[in-house]
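What follows is a short report on a single structure.
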Amino acid sequence: MLFFHCHHRLKVLALFVAVQILWLVADTLGTARGLAGTNAMDLFGEGGFALFILLWIVFVLASRPAGRVTNLLFFGLCGIFLATLQDFADEFYRFPDNSPITKALESVPATLGILVFSVGLLGWYREQQAFNQRLEKREKFYREHTSLDYITCLYNAGYMLQALNRELDIYQRSKRPLGLLLFDIDNFDGFNRRFGEREGDKLLQDCSELIAMNLRRGDLLCRFSGDRFIALLPDTHQAQASQLAAEINHSMASVAHKCGEHQETAHYTLSIGVASARPDDTADELIRRANQALFHAKRCGKNNCQMAG
Amino acid sequence: MNTNMHASADFIDNRQPLPAITHMTLSLVDIWLSLPGAEPHRLLSGSRIFYQDLAKPGYQVNCQQLFVVVKNLLKQPAPEDLGFRLGRRLAPASRDPLNQAMINSITTGQALKLLHAYHRLYSPLFTLRRGIRRGADSPLYLVLSDAVGMGEAGQFLVEALLGKLTGTGKSLEMDTSDWQYFIRRDPPAVMANHQKYLGNRLVFDAPLNGLAIPAYQLRQTLPGASPLSRQQRQQSLQQSLQQRLLLCRQALRGADCRPFLPETVSALLQASLHTSPLGLEGCAQALAMSPATLKRKLKAHNCRFQDLADEVRTLLALDYLYLRGKNSEFTARRLHFNDTANFRRSFKRWTGTLPSRFRTVATNP
């Protein structure tokens with residue numbers, strides 16, 4: 001039988017024995033009242049109460065994993081259950097008024113039970129808190145260690161920084177050239193204000209796809225931040241990098257984006273900063289130079305590419 | 001009771017609903033809802049704001065509620081550039097009188113002067129202070145200090161204001177890539193967002209939040225038509241500016257533009273530093289309340305009296321050391337310290353570095 005295999009069989013047996021003993025004690029000490037002496041209202045109330053406590057016991061055992069907190073909850077509920085059962089037995093038997101056993105049976109299990117149950121509830125609360133904390137920690141871990149941007153499905157700036165450090169390492173050893181492109185969509189804030197952030201996200205997706213189509217197989221395109229993308233070009237001289245940038249500018253200019261509710265046509269352009277690695281460059285320094293070049297491109301009237309000085 | 005009523009006429013607390021705060025909250029909720037899979041309740045839980053209420057006309061939000069919303073946002077798996085994005089979104093409110101006045105000024109320096117003078121219209125959460133310029137070639141320093149007691153939401157809102165200032169600069173066609181930003185936090189592992197929204201010239205671990213605008217930009221005339229036609233238009237520009245400024249002044253006198261309590265206390269402390277510094281009792285007396293009440297009210301604003309006093313003294317110390325190039329002895333005397341060693345120790349406690357670091361910067365910029 002399933003019952004004898006479950007973790008709680010000893011506890012359930014103990015409760016069963018306790019109920020038997022209680023009934024035995026009631027039978028030996030008390031004298032039967034007979035049906036005439038019972039009050040239907042009391043019978044219903046106290047019997048129902050005991051039944052519901054029993055249901056709680058079943059729920060606690062069925063829903064919780066075995067352990068200290070479950071034991072505390074179980075024994076606490078058992079105490080309350082036995083006390084209500086004794087009250088229920090009172091309806092069938094008349095007990096002698098001054099017997100110490102009846103007095104103890106009336107007051108001890110209920111008090112002890114509610115005390116143990118309270119400690120159990122406190123444990124349950126702490127358990128839940130620890131559980132929430134762990135959940136939050138896990139969420140935080142995933143948030144910090146995810147390297148995908150979920151709008152464009154490109155890698156993010158954190159991943160780019162790792163890749164760039166790796167490539168710079170290779171560059172320092174092999175001296176094979178390394179190029180970096182930094183793209184920024186012109187007037188993206190204005191686009192967002194006009195069409196809303198959702199359309200802005202769509203434009204970001206379109207642009208990332210268009211840039212990716214113009215890149216070569218070994219290049220890595222990542223989303224840098226906001227409307228800014230960054231491409232890492234291994235084995236690429238500055239001249240090749242600016243050639244690529246010019247091609248991307250050209251293809252961007254010939255795409256007519258459809259945006260908004262009415263699918264209006266809008267042309268969007270990119271400003272591009274080009275930088276190539278120098279000996280003893282750090283990742284930050286290289287990105288800083290590309291950023292400077294990008295600012296220069298913006299200053300030169302946008303929709304162009306500029307090389308870092 | 002009576003004294004409280006008298007004092008409450010001069011400042012407001014962080015539970016006062018304000019239109020500017022409401023606008024910020026609405027923009028933040030808008031940005032949040034544009035993210036895939038975002039639900040409003042994750043942002044609004046615990047803030048006593050109902051999503052349905054936000055659309056009602058005349059519904060207003062207070063600072064405390066905004067801070068709860070920001071704290072909720074920081075717990076969510078959201079992109080890290082939302083602070084900057086919020087700032088950019090708030091930047092060019094073309095209908096407000098301050099922005100119109102700025103557009104109507106002649107040089108960028110003048111526009112920024114207006115921004116400083118009416119900073120409470122621009123951003124009620126921060127006090128914007130201007131550093132003394134030592135000559136025509138020294139940059140303009142703008143220092144942002146917390147006016148409300150923002151607590152954990154502070155970093156996010158600093159990013160929002162820096163983003164907004166940069167956006168305003170761009171809308172005035174200034175070259176913001178030459179601006180230098182001072183940020184009071186450790187450098188982030190990935191600086192992409194700061195580089196994208198602010199630029200290359202970032203100073204992390206700074207003793208305060210602020211920015212420096214190079215002198216040459218202050219002299220530039222605002223964009224528009226050719227210089228000649230601009231000269232012709234100057235007269236009308238001036239008139240239009242005066243009209244806008246009148247609107248600004250009216251707005252500033254309105255009930256919603258009174259300073260917050262921490263800002264009021266800071267102003268009292270700052271004014272008293274040049275003569276005899278006020279203590280908690282003095283400030284409480286000036287605000288017509290008991291010291292215990294002032295303490296309790298400041299606590300409700302997430303700040304302590306001592307922190308406010310320290311901040312005011314840090315600002316003055318940096319002003320003497322960094323901008324005016326004075327030495328520690330002079331600064332210590334001006335800040336009412338008995339000896340220089342004491343001042344050095346306190347300065348180290350306020351900023352994490354010794355005064356000498358800033359003096360060297362001032363002499364070789």
Discussion item. If each residue of separation counts as 0.36 nm, what is the full-extension length gain between A:Gln238 and A:Arg217 once their alpha-carbon separation is subtracted?
Written reply: 5.8 nm
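Here is the link list: B:Lys164/B:Lys196; A:Lys258/B:Lys170; B:Lys71/B:Lys196; B:Lys113/B:Lys164; B:Lys113/B:Lys326; B:Lys56/B:Lys170. Which ones come out longer than 21 Å on Cα distance?
Numbers: B:Lys164/B:Lys196 14 Å; A:Lys258/B:Lys170 27 Å; B:Lys71/B:Lys196 24 Å; B:Lys113/B:Lys164 16 Å; B:Lys113/B:Lys326 26 Å; B:Lys56/B:Lys170 33 Å.
Beyond 21 Å: A:Lys258/B:Lys170; B:Lys71/B:Lys196; B:Lys113/B:Lys326; B:Lys56/B:Lys170.
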Worksheet item: What list of whole percents do you get for P(r) of region A:192-235, with Cα-Cα distances grouped in 10 Å bins up to the one holding the largest distance?
Response: 26, 47, 20, 6, 0
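Enter the mean number of other protein chain beta carbons within 10 Å of the beta carbon of each residue in A:220-226, as an integer.
Values: counts 0, 0, 1, 2, 5, 13, 9.
Neighbouring Cβ atoms belonging to other protein chains average 4 per residue here.
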Discussion item. Using only Cα atoms and rounding to the nearest 10 degrees, what angle (0 to 90) does helix A:283-299 make with the longest principal axis of chain A?
Written reply: 60 degrees
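How many Cβ atoms of partner chains, on average, are near each residue of B:186-195 if near means within 10 Å of its Cβ?
Taking the mean over all residues of the peptide, I get 5.
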Worksheet item: To the nearest whole number, what is the average tally of beta carbon atoms from other chains within 10 Å of the beta carbons of peptide B:74-81?
Response: 4
Worksheet, complete the sentence: When the charge dipole of the protein assembly as shown is computed with +1 at the Cβ of Lys and Arg and -1 at the Cβ of Asp and Glu, the Cα pointing farthest to the positive end, of B:Leu241, A:Leu182, A:Thr236, is that of B:Leu241
Response to the item:
A chain fully extended from A:Gln20 to A:Glu144 at 0.36 nm per residue, minus the present Cα-Cα distance, gains in nm 38.8 nm
Worksheet, complete the sentence: Using alpha-carbon positions, the gyration tensor of chain B gives root eigenvalues a ≥ b ≥ c; with a/c under 1.5 called rounded, otherwise prolate if a/b exceeds b/c, else oblate, the class is rounded
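Once you sort the root eigenvalues of the Cα gyration tensor of region A:1-107 as a ≥ b ≥ c, which label holds: rounded (a/c under 1.5), prolate (a/b larger than b/c) or oblate (the other case)? Before the final figure, lay out each step's value.
Details: a/c = 2.33, a/b = 1.97, b/c = 1.19.
Note, shape of region A:1-107 comes out prolate.
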Worksheet item: Once Lys and Arg get +1 and Asp and Glu get -1 on their Cβ, which of B:Asn72, B:Phe343, B:Val190 lies farthest toward the positive end of the dipole of chain B?
Response: B:Phe343
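Rounding to the nearest 20 debye, state how big the charge dipole of the protein assembly as shown is about its Cα centre with +1 on each Lys and Arg Cβ and -1 on each Asp and Glu Cβ. Please list the in-between numbers first.
Values: 77 positive and 59 negative charges, 483 e Å.
Taking the Cα centre of the protein assembly as shown as origin, the dipole is about 2320 debye.
Name the shape class, rounded, prolate or oblate, that the alpha-carbon gyration tensor gives for region A:194-309, where a ≥ b ≥ c are the square roots of its eigenvalues, rounded holds for a/c under 1.5, and otherwise prolate holds if a/b is larger than b/c and oblate otherwise. Numbers along the way, then the final one.
On the way: a/c = 1.98, a/b = 1.86, b/c = 1.06.
Cα axes put region A:194-309 in the prolate bin.
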Fill in: Rounded to the nearest 20 debye, dipole of region A:99-157 from Cβ charges on Lys, Arg, Asp, Glu
120 debye
Practice prompt. Among the trypsin sites (Lys or Arg not before Pro) in region A:188-232, which ones are in a DSSP loop with at most 15 other Cβ atoms within 10 Å of the Cβ? Mind listing them?
Written response: A:Arg216, A:Arg217
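May I ask you to list the GluC sites (Glu not before Pro) in region A:114-173 that are in a DSSP loop and have at most 16 other Cβ atoms within 10 Å of their Cβ?
Numbers: sites: A:Glu127, A:Glu136, A:Glu139, A:Glu144, A:Glu167; in loops: none.
Qualifying residues, ordered by number: none.
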Practice prompt. Could you tell me which of A:Gln162, A:Val108, A:Tyr142 has its Cα farthest along the dipole of region A:89-166 towards the positive end, charges placed at Cβ (Lys, Arg +1; Asp, Glu -1), taken about the Cα centre?
Written response: A:Gln162
Worksheet item: What does a probe at A:Gln172 reach in region A:196-240, counting residues whose amide N is under 18 Å from the point 7 Å along Cα→Cβ?
Response: A:235
Worksheet item: If you line up the long axis of helix A:197-214 against the longest principal axis of chain A, both from Cα atoms, how many degrees apart are they, to the nearest 10?
Response: 50 degrees
Worksheet item: Based on the Kirkwood radius over alpha-carbon pairs, what is the Stokes-Einstein translational diffusion coefficient of chain A at 10 °C with 1.306 mPa s viscosity, in µm²/s?
Response: 61 µm²/s
Fill in: chain A: angle of helix A:40-63 to the longest principal axis, Cα-based, in degrees nearest 10
40 degrees
Practice prompt. May I ask you to evaluate 6.51 cos²θ - 1.76 cosθ + 1.60, the Karplus curve with θ = phi - 60°, for each residue of region A:226-237 and list the ³J(HN,Hα) values in order in whole Hz, giving x for glycine and proline?
Written response: x, 9, 10, 10, 9, 10, 9, 10, x, 6, 10, 6
Item to complete: Express in whole angstrom the spacing between the alpha-carbon centres of region B:124-166 and region A:75-104.
Response: 73 Å
Worksheet item: In the P(r) worked out for region A:81-240, what percent of Cα pairs fall beyond 21 Å?
Response: 68 percent
Worksheet item: In Å and whole numbers, how far do the C-alpha atoms of region B:118-207 stretch along each principal axis, longest first?
Response: 38, 29, 26
Response to the item:
Computed from every Cα-Cα pair in the protein assembly as shown, P(r) in 20 Å bins starting at 0 and rounded to whole percents is 14, 36, 26, 15, 7, 1
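Taken together, the values in this text are just the output of simple stated rules run on the coordinates, not laboratory data. Just so it is clear, the structure is predicted and the values come from calculations on it, not from any experiment. Here Cβ is always computed from backbone atoms with ideal geometry, including for glycine, and neighbour counts include all displayed protein chains.
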